[in-house]
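Readers should treat all values here as calculations from the given coordinates under stated rules, not as data from a laboratory. Quantities reported herein were computed from a predicted structural model and do not represent experimental measurements. Cβ: placed from backbone, ideal geometry, glycine included. Neighbour counts: every protein chain shown.
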Amino acid sequence: AQSVTQPDIHITVSEGASLELRCNYSYGATPYLFWYVQSPGQGLQLLLKYFSGDTLVQGIKGFEAEFKRSQSSFNLRKPSVHWSDAAEYFCAVGGYNNAGNMLTFGGGTRLMVKP
Amino acid sequence: DSGVTQTPKHLITATGQRVTLRCSPRSGDLSVYWYQQSLDQGLQFLIQYYNGEERAKGNILERFSAQQFPDLHSELNLSSLELGDSALYFCASSVLQRGGTDTQYFGPGTRLTVL
């Protein structure tokens, strides 16, 4: 069964500081990996995705993530955090099989940004 | 704006009642997914439909059912509601490309409160 772990429930960073959110996955085949962001009272917005190829993927809002197969990780990074980045971030793994294409989400990391 | 619409935005009802949540997928998307987000269970996949047919089932209770209509909109029916059914219900849609390189786009969600 596929699973995703986000070890950090809460993270607080100062505005302008760098950010790394951790994500570890378990999946039997080639994983398809996603990061979504949920602002308060909002739906889930796709930040970036990894299907294959270059292991460093760029997303929207200046985010990037690196796929490391040997570590089963897909950590999200941003070099300089803005106050508007305060939100909850979800890592997800998906993969196609005969049963469908469900996403399995991690528990989320809530990011707070200090001025 | 993802292009996925959900109605209503908020729903308040009593235990034992039945409600229907509605979702319209992005134009061109054939697959619709339902997810439940609750404080204790996190984000969990409920069910997937593809072009009118059920494709995959997750942790969906027997009191819950869904369908996808010929115009591709979907409805999630929740019956005999319990306090624990209070949650945010998301709909997502995708093209469902072969090989799994499929991206799900999420609607804004319906917040259900059972009193």
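With N denoting the number of residues in the protein assembly as shown, provide Rg(C-alpha) divided by 2.2 N^0.38 Å, to two decimal places.
Numbers: Rg = 17.5 Å, N = 230, 2.2 N^0.38 = 17.4 Å.
Here the Cα radius of gyration is 1.01 times the empirical estimate.
Ignoring the sites themselves, what is the longest stretch of chain B with no trypsin sites (Lys or Arg not before Pro) in a DSSP loop and at most 14 other beta-carbon atoms within 10 Å?
B:19-62
Per Stokes-Einstein, at 10 °C and 1.306 mPa s, what whole-number D in µm² s⁻¹ belongs to region B:1-63, with the Kirkwood radius over Cα pairs as the hydrodynamic radius?
118
For a Förster distance of 41 Å, can you work out the FRET efficiency between the beta-carbons of A:SER72 and B:ARG111, rounded to the nearest 0.05?
So, using R0 = 41 Å, E works out to roughly 0.75.
Note down the relative contact order for chain B as a percent, whole number, built from C-alpha pairs under 8 angstrom at least six residues apart.
Averaging sequence separation for qualifying contacts and normalising by length gives 36 percent for chain B.
Which loop GluC sites (Glu not before Pro) in region B:1-72, with loop taken from DSSP, have no more than 11 other Cβ atoms within 10 angstrom of their Cβ?
In loop regions of region B:1-72 (DSSP not H, G, I, E or B), the sparsely surrounded GluC sites (Glu not before Pro) are B:GLU62.
Report P(r) for region A:46-115: all Cα-Cα distances, bin width 5 Å, range 0 to the bin holding the largest distance, values in whole percent.
Binned Cα distances yield the sequence 3, 14, 22, 25, 18, 11, 4, 2, 1, 0.
So what's the Cα pair-distance distribution over region B:8-115, bin width 5 Å, in %?
Reading upward from the zero bin: 2, 13, 24, 26, 18, 10, 5, 1, 0.
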